[in-house]
Amino acid sequence: MIGGVITIVALLVTRLPAEFQTTPALPDQITLPAGVQATAITQGPDWFAVVTSDQRILIFARDGRLRQQVAIIPAP
């Protein structure tokens, strides 16, 4: 029984990290507006979004083309 638990733990330790090491494919280069810095990034199936330092969300296609801009309105 102890051997079985050790085997399962060993398999989890050796197999799971490989699943988390893959990174999403992003375009080689995207162009952000002048003076703007990215503060966060997320992705969907065919797009990715960049949250910028000037309170906007820029949504890009997988090829790096800007698809949409969304202004973040501060809470009252």
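The values are calculated or read from the model by the stated rules, or taken from the named source; none is laboratory data. Here the structure is a predicted model, which means the values were calculated and not measured. In this analysis, Cβ positions are derived from the backbone assuming ideal geometry, glycine residues included, and neighbour counts consider all displayed protein chains.
For segment 5-61, how many residues meet the condition of being part of a loop (DSSP other than H, G, I, E, B), of a type outside the set (S, T, N, Q), at pLDDT 85 or above and surrounded by 10 or more Cβ atoms within 10 Å (Cβ to Cβ)?
As a first pass, look at segment 5-61 and keep what is part of a loop (DSSP other than H, G, I, E, B): 21-37, 44-46, 53-55.
Filter once more, keeping what is of a type outside the set (S, T, N, Q): 24-28, 30, 32-36, 44-46, 54.
Next cut, at pLDDT 85 or above only: 34-36, 44-46, 54.
So of that shortlist, the ones also surrounded by 10 or more Cβ atoms within 10 Å (Cβ to Cβ) come out as 36, 54.
Total meeting the criteria: 2.
In segment 62-76, what residues are in a loop (DSSP other than H, G, I, E, B), in contact with a strand residue (DSSP E or B) (Cβ under 8 Å, 6 or more places away or on another chain) and either touching a residue at least 60 places away in the same chain (Cβ under 8 Å) or surrounded by 12 or more Cβ atoms within 10 Å (Cβ to Cβ) (or both)? Talk me through it step by step, then tell me what you get.
Step one: of segment 62-76, the residues in a loop (DSSP other than H, G, I, E, B) are 62-65, 72-76.
With the extra rule that they be in contact with a strand residue (DSSP E or B) (Cβ under 8 Å, 6 or more places away or on another chain), the set shrinks to 62, 72.
The one that is in a loop (DSSP other than H, G, I, E, B), in contact with a strand residue (DSSP E or B) (Cβ under 8 Å, 6 or more places away or on another chain) and either touching a residue at least 60 places away in the same chain (Cβ under 8 Å) or surrounded by 12 or more Cβ atoms within 10 Å (Cβ to Cβ) (or both): Arg62.
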